[in-house]
Amino acid sequence: MYEMHLGEAVTGQGPVWHVVTHDRSTTLCGRPLLPADNVETDHHCMPCMTAFRDVMGRRGTGEQ
């Protein structure tokens, strides 16, 4: 299962929600995660969301 965690925005404009890899070591887009005590946001990382859509689309076709 994938999880969402706060991390640096690609644009540097504050924190955004990133999709985190299964091993929780990095985001799908490769941006660093922020400490858990950071403020929340309603913004999402578009590169992560695009990568997540692509991963989920491949699963539906049987690809890995």
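Here are the numbers:
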{"read-out": "The stretch 26-37: number of residues that are crowded, with 16+ Cβ neighbours inside 10 Å and of a type outside the set (A, V, I, L, M)", "value": "3"}
{"read-out": "Restricting the stretch 9-25 to residues that are of a type outside the set (Ser, Thr, Tyr) and within 12 Å of residue 46 (Cα to Cα), the residue that is most open to solvent (accessible area, probe 1.4 Å)", "value": "10"}
{"read-out": "Among residues of the stretch 10-25, those that are at pLDDT below 85 and in contact with a His (Cβ under 9 Å, 6 or more places away or on another chain), counted", "value": "3"}
{"read-out": "Every residue from the stretch 1-43 that is in a loop (DSSP other than H, G, I, E, B), touching a helix residue (DSSP H, G or I) at 6+ places or on another chain (Cβ under 7 Å) and not aliphatic (A, V, I, L, M)", "value": "2, 29"}
{"read-out": "Every pair of residues 6+ apart whose Cβ atoms lie under 6 Å, when the first sits in the stretch 23-47 and is without any contact (Cβ under 8 Å) to a residue 60 or more places away in the chain while the second is assigned to a helix (DSSP H, G or I) and open to solvent by less than 50 Å² (accessible area, probe 1.4 Å)", "value": "27/48; 28/48; 28/51; 29/48"}
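The values are calculated or read from the model by the stated rules, or taken from the named source; none is laboratory data. These numbers come from a predicted model, not from an experiment. Reconstructed Cβ throughout: ideal geometry from the backbone, glycine too, with neighbour counts over all protein chains shown. To get the accessible areas, we keep the full protein, side chains included, count just its heavy atoms, and leave off ligands, DNA and RNA. Shrake-Rupley method; radii C 1.70, N 1.55, O 1.52, S 1.80 Å.
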